[in-house]
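Each remark here refers to the structure printed beneath this line.
Computed from the coordinates by the stated procedures, all read-outs in this text should not be read as laboratory data. Just so you know, these numbers come straight off a predicted model, no measurement behind them. Reconstructed Cβ throughout: ideal geometry from the backbone, glycine too, with neighbour counts over all protein chains shown.
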Amino acid sequence: MTDQVDNWHKLARYDTNMQGELHANLLRNNGITVSLQPLSAMPGMNSGIILWIQDTELAHAKRILDSIDTEGATPYEMFDEGAENGASATVHPTKNDDHNDNHDGDL
């Protein structure tokens with residue numbers, strides 16, 4: 001039996017709790033055990049957070065975090081780009097001709 005207390009390694013440090021928790025949840029969703037260490041003793045303070053990972057999962061966790069694109073466009077920027085190029089997100093509903101369940105659009 002090994003001493004699990006000594007098998008934890010610092011994976012990453014984040015300036016905001018939200019970013020650290022987001023990445024911790026990403027790792028958890030991939031089956032990796034994560035321990036969070038807030039950098040403030042006062043609850044609710046947004047002073048940062050450290051992610052700790054067990055040594056058996058460290059390489060896998062690093063690969064997952066390294067695969068995150070931090071230099072690319074955010075989803076909001078991608079939507080703005082489409083609007084600038086004249087793309088339209090208008091929805092065009094169609095009438096169900098096979099089964100007149102919509103009562104010709106009348107309720």
Exercise. Along region 49-64, what does the Karplus equation 6.51 cos²θ - 1.76 cosθ + 1.60 (θ = phi - 60°) give for ³J(HN,Hα), rounded to whole Hz, x for Gly and Pro?
Worked result: 7, 10, 9, 10, 10, 6, 4, 6, 10, 4, 5, 5, 5, 4, 4, 5
For this session: Would you mind computing, in nm to one decimal, how far apart the modelled labels at Leu39 and Trp8 are, each placed 7 Å from Cα along Cα→Cβ?
Result: 1.8 nm
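Please compute the length gained on full extension between Asp15 and Ser67, using 0.36 nm multiplied by the number of residues separating them and subtracting their Cα-Cα distance. Working shown, then result.
Working: separation 52, 0.36 × 52 = 18.72 nm, distance 1.97 nm.
Stretched out fully, the Asp15 to Ser67 stretch lengthens by 16.7 nm.
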